[in-house]
Structure formats: structure tokens, C-alpha cells
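See below for the structure under consideration.
The values are calculated or read from the model by the stated rules, or taken from the named source; none is laboratory data. Nothing here was measured: the structure is a model prediction, and the numbers come from that model. Remember, those area values only see protein heavy atoms, side chains included, never the ligands or the DNA or RNA. Shrake-Rupley method; radii C 1.70, N 1.55, O 1.52, S 1.80 Å.
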Amino acid sequence: MAGAGDEREPGPAAGEPQQPPTSSCQVFPERPAQGKPQPGRHSSFFTHNQKCQLMLLQTLQTNPYVKLLLDAMKHSGCAVNRDRHFSCEDCSGNVSGGFDASASQIVLCQNNIGNQAHMNRVVTHELIHAFDHCRAHVHWFTNVRHLACSEIRAANLSGDCSLVNEIFRLHFGLKRHHQTCVRDRAILSILAVRNISREIAEKAVDEVFESCFNDHEPFGRIPHSKIYAKYAHRDFQNRDRYYSNI
């Protein structure tokens, strides 16, 4: 984990798929025009961009998952700045968001994020990757086990595999369903960003699944709902105050 004085910026990681779930996650190894937003028609761009900016602001100010992650990033010496570390822009395909490794930005796909709940989930997913990058030396592009671990954590802790989302995907009723969902979505994410076989992706996920699934930092628990996330944020703040007084 980075020390309190280490002002590292969020780095590269995999992203958040748009619905349906068959569209897996994506990273942004290259972006057109060096990371500048790529509008379609001029008027359409401003409509999408303004909506994206407003939803992002709402997420950062009110979502308990995101508020906890922002506090945890700051506590670890990786404070997140909205103007510097988030970029609303048009994306190709069904991708909803991801990291730009070279620019240290979370990319929010303004043409694919359709509502506030989706924005909340995308930002949470990406901030979990950013937190992992902050606290450890994650080799996103050279070690598939590192990527697998962060994707397991993001699927487990961001709400990607909540009961509501799984019912929406028509996936429910299975024994140990949450674990199955986390594993499946982690594999999909890896396959979307690595030119490897499904067998290799599954092997990487299975090798690290137990330890990474049980790593709930900074939440301290699996936040199955906003209520759980609020309790987790309260506990994190109390823990921070306790250690600061030692």
C-alpha cells in the first residue's frame, strides 16, 4: 500500500461492461486523439456530456460505495480529483467505462451509461481497481493473476453481482450464486482485455479466487446494498479515527 505521502494517481485496470452481461469489461490501451472526448454530432455530444457530468457529480456526492472508496484512496495517499481523474467521452461498442493507463483517468462512456444506477456501478467498479493500484504494485498488463484478482474484487464489492442485477440478467436460483456470478464476470472481463484462451482465464481466476474473494478492503465486508455500504463507510471512518489517536 502506498504511504500517506505518496501521491500516486489511479493507474490502469479493466473496466465496466454495459448491459447485457455478455459484453465484458474493457481497458483503454489507446484512445482517439490522445484521450480527448470524441463526439458524434456536436449537439448530441453536449447532451451526453452534460448528462454524464451531472450523474458523475451525483455519484461522487451521494453514493456510499464511492464515498468510502474516495476516503480510502485519500487515506492511502492517492487522493482522487474529479476534473483530473474522470473523463466523460464517447466509446465504441458496449463498453461502459475503464482506465486509461497513460493518462491515469477513469473513462466514463457517456454514450453507454444510461442512468444514475449504472453510473454508480461503473464508478464504484473503476475505483476498486484504482484502490488496488494504490495499495499494491499491480502488473495489469503482464500478470494475468493480478488482473484476475482485481476483477474478482470489483465484481464482488461493486454491486455487479447484486441480486437485483442478476435478476435483471435472468440469472438467479443457483446455489452459491454470488460466488458463481463473481467468477463468471471476472473471467469475462479478462477475456475482453487479454488475447488468451478461456481455459487460461479460468485457471487464473480459480488460482486466486479464494484469497481475492475474501479480500473485502476497504469495505471490511461484502456490501450487498447501500445500507451495508453506509455501515461499512461509518466503520471505516471510525477505524481511521481510532488509528489516528494511537
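Observations, loosely collected:
- Check on residue 225, at pLDDT below 90 and open to solvent by 80 Å² or more (accessible area, probe 1.4 Å): no
- Residues located in the range 80-131, provided they are open to solvent by 10 Å² or more (accessible area, probe 1.4 Å), assigned to a helix (DSSP H, G or I) and of a type in the set (Asp, Glu): 83
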